[in-house]
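A short write-up of the structure that comes next.
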Amino acid sequence: MEPDAVARFRAGDESAVREMVERHGGAVATVARSIVGRSQDDVAEVVQQTFVKAWRAAGSLEPGRPIQPWLYSIARRTAIDLLRRERRPTTGDHAPEQDIAVESMTMERTQEIYDVRQALDGLPADEREVMKMSHLMGMTHTDIAEQLGVPIGTVKSRSGRAKRRLAAALSHYAPESSAMTANQMGERNVQGGEDSQ
Amino acid sequence: MTDEQTPELPADLVALLADDAVWEDLDRNVTEDTIAAVMAEVAEAAPSTPKPELPPPTAPVIDLESRRRPQWSSALLGAAAALLLAVGGFVVLNAVSSADDDPSDISFALEATDLEPTAAGNVDLTTTPNGTRIVLETTGLPPAPEGTYYEAWLRTGPDFGVSAGTFHLRGGGGVEIELWAGVSFEDFPLFTVTLQPVGMTESSGQVVLLARLDG
């Protein structure tokens, strides 16, 4: 998000609010799901509260500071608050220690999920589509090419570009060694197939 | 660049690509509802929007107006704002007033921060032989969510403070809240209200209301 867009968001400009929600809402929802589960109502509540809180606190966001980590922290805190509220017994006459502790995914894991989602959302639509069909739906390059009606070479090039973009966007996770290369981000079911790398 | 030249990516992140949670699109209705909710906040915070009035109090009201002195100088507020900005980005927006010449009895307005920009409040501090009595009224401060509460502090500055008590407003607010502190506002001239998660003993730093009382 451009600094100007952040300033407009802070000022309550509706187009900037829309841009913020449309651009980051998916990643916020991903964090919400990872913490509160699959309830669509809970996810929707977390998404809504996250952006309301973000707007309230937007004045504290320093100009030029990346918005994603800031938004992530609000989303995670909001989701945990909702989870704690829903798990807490609603009737009285119980000892405090009987309250159920909130056990959610680690902060590191939710941060990874959030970052991967942000990286995927940053892909061009055609590359994102190929990655989704390959990694989520388990389709081969051949299947994807047939499905999209494009040459298999186009599928391979889109896939390669997408992998490089993801690797760049997530480079802060790359260890010094013992990591898979993006070249190893091969589609799950194409090894040995006619369209494997 | 060929695939062979592509930078590395950890395997656990690659595995996440097979998780539908990272692909699921945000429902269109959720998007629109979220935008509407933010814009409702924007409208509520607009300067032309009157702040919500407190319902009639259920306890005797201290007449703060009759005891206020002229407002303190803007230079004082500027200094307070500078101090707070240095440690947390808080903003002092308005003036502080005190009671008569007796420093043991002082009233002042609380100002909002960016965390709750529509909140406001008045505080009446009285030094008694048994401690500092604090009567707090707020408007526009929402009930603390379950798992959190509000905590009032008398502080020497950002680094050290003494709790003056806690409250949550989940009964609807609109009442005077009486708190006590075991220190004097003359020694602890920064008054803040923070939103605290249950289990945290020190200040969360999430200041929702504040005022500075010294010169």
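The values are calculated or read from the model by the stated rules, or taken from the named source; none is laboratory data. No experiment lies behind these values; they were computed from the predicted model shown. Backbone-built Cβ (ideal geometry, glycine too); neighbour counts: all protein chains shown.
Just a few scattered comments:
- Inter-residue pairs, beta-carbon under 8 Å, first touching a residue at least 60 places away in the same chain (Cβ under 8 Å) and in the range B:107-121, second basic (Lys, Arg) and part of a loop (DSSP other than H, G, I, E, B), 6+ apart: B:Thr118/B:Lys51; B:Ala120/B:Lys51
- Residue count, the range A:29-83 (criterion: outside any helix (DSSP H, G or I) and either without any contact (Cβ under 8 Å) to a residue 24 or more places away in the chain or within 11 Å of chain B (Cβ to nearest Cβ) (or both)): 8
- Screening B:Leu125 against (1) at pLDDT 85 or above; (2) within 14 Å of another protein chain (Cβ to nearest Cβ) leaves a single unmet condition, (2).
- Selection within the range B:143-154: residues that are out of contact with any Ser or Thr (no Cβ under 6 Å at 6 or more places or on another chain) and either touching a residue at least 60 places away in the same chain (Cβ under 8 Å) or in a strand (DSSP E or B) (or both). The member of this set that is surrounded by the fewest Cβ atoms within 10 Å (Cβ to Cβ) is B:Thr148.
- Qualifying position, being loosely packed, with under 13 Cβ neighbours inside 10 Å, modelled with pLDDT under 60 and closer than 21 Å to A:Gln48 by Cβ, among B:Thr58, B:Thr2, B:Thr49: B:Thr49
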